[in-house]
Structure formats: structure tokens, C-alpha cells
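Q: First the structure, then my questions, so here it is.
What follows is calculated from the coordinates using simple rules that are stated; it is not laboratory data. Source: prediction; values computed, not measured. Cβ: placed from backbone, ideal geometry, glycine included. Neighbour counts: every protein chain shown.
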Amino acid sequence: MLIQTKPLPRVLTFGEAKYYIFSFVFTGLAVFTPWLTHQFHLAGQIFLPMHIFVLTAGFLFGWRAGLMVGVLSPLSSYLLTQMPVAALLPQVILELAVYGVVIGLSREKNLNVWVSLFSAMVLGRLARVLFISLFVPGLNALQFISLSLPGIVLQIALIPLIIRLTREFIPEEDNAE
């Protein structure tokens, strides 16, 4: 089934205070979680904890929130923890921004979580592969995909569950704007 069966929270716009509150909370989680995983020597490039919050924010609150969390998360993380490293920062920002926009737009078209999630994951990784191919000569553009397979599986397993659980705590509103 491609269409949502349960209403979602209303898509947030740039002019709403709730938009910034949710975006900053998801950005904070996207910065804290990778830092925490590194404390247990779990590599962020393998488990991709930041991606989970970008994808969730975009799906729950639309492309604007997805874009904001997708850009602010790696920038904030770099400023606070120097992760991701500076050489990877543009690639990660591009990938996460595409994730947030694509999943948010898919959600606004009322596509279900699976179609939205897979579309965002494929297009985000494709954007990163193209970036690497064009701007980072000599680097194997597909190497990061094989390295991050555990994170990809984790996203597929956790994001629909997180979205389902989060919807229970967020009031449903009319999506008409």
C-alpha cells in the first residue's frame, strides 16, 4: 500500500515555532547519539546513527524539518565533536540534506514510510556517490556503502518503528494548509 493509513502530524513550516523546536531536538539527538556510540567504540560510519534522526524528522514533519536537521546535524556535530572529520563533512551534509528533503516530500505526497524511506536512502546515497566521483578523485565512491551496510539494515528496521511510536505522542492535525 503506497498511501498512508493513519494521519500524520501537520507538516511544519518555517514560520512556526514548533518547527524550530522539533528540528533542534532532532538535531540534538542526531549529534548526541553518534557521540555516544563512539564512547562505546562503535563507528558512526558503520551504524549511521545521525541518519536515523534526519530521516525521522523529515518523515514526521516534512521536507523543511528534514532539510534543517540534515544540514545542522553534521555541522553541529563537527563543531562540537569534530565528527564527521572535515574531509567527509561536505559529503555527509549533502547526503543527509537529500535524505531529509526526499523523505519529507515523499511523506507530503502521502507515500507510506517504506516508499519514503527507500526513496530517500537511495537518492541520498546516490548524491553522495556522485559528489565523491566528481570532487574526491581516487576515492572509491561505493566503499562507504559496503562499510555502512549494518547502518542501512538498522535504518530499515528502526525508522518505521520509531515513526510508529512517535506518532502515538504527537497530536494528529489536519494536513490542509
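Q: Exactly which chymotrypsin sites (Phe, Trp or Tyr not before Pro) in segment 69-177 are in a DSSP loop and have at most 11 other Cβ atoms within 10 Å?
A: Passing sites in segment 69-177 are F169.
Q: Moving to a separate point now. What number, rounded to the nearest 500 deg cm²/dmol, is the helix-based mean residue ellipticity at 222 nm of the chain, given -39500 (n - 2.57) per DSSP H run of at least four residues and division by all its residues?
A: Details: 8 runs with 126 residues, N = 177.
Calculated from helices alone, the mean residue ellipticity at 222 nm is -23500 deg cm²/dmol.
Q: What are the principal axis extents of the Cα atoms in the chain, in Å, biggest first?
A: Projected onto its principal axes, the Cα set of the chain covers 49, 33, 29 Å.
Q: Over the chain, with a Gaussian network built from C-alpha contacts below 10 Å, which listed residue (S106, S23, S133) shows the highest mean-square fluctuation?
A: S133
Q: What's the center-to-center distance, using Cα atoms, between segment 121-136 and segment 55-105 in Å?
A: Segment 121-136 and segment 55-105 have Cα centres spaced 14 Å from each other.
Q: By how many nm would the segment from A17 to S146 lengthen if fully extended, with 0.36 nm per residue of separation less the alpha-carbon distance?
A: 42.5 nm
Q: Let me ask something else about it. F131: net charge of surrounding residues, Cβ under 13 Å, Lys/Arg +1, Asp/Glu -1, itself excluded?
A: It works out to a net charge of +1.
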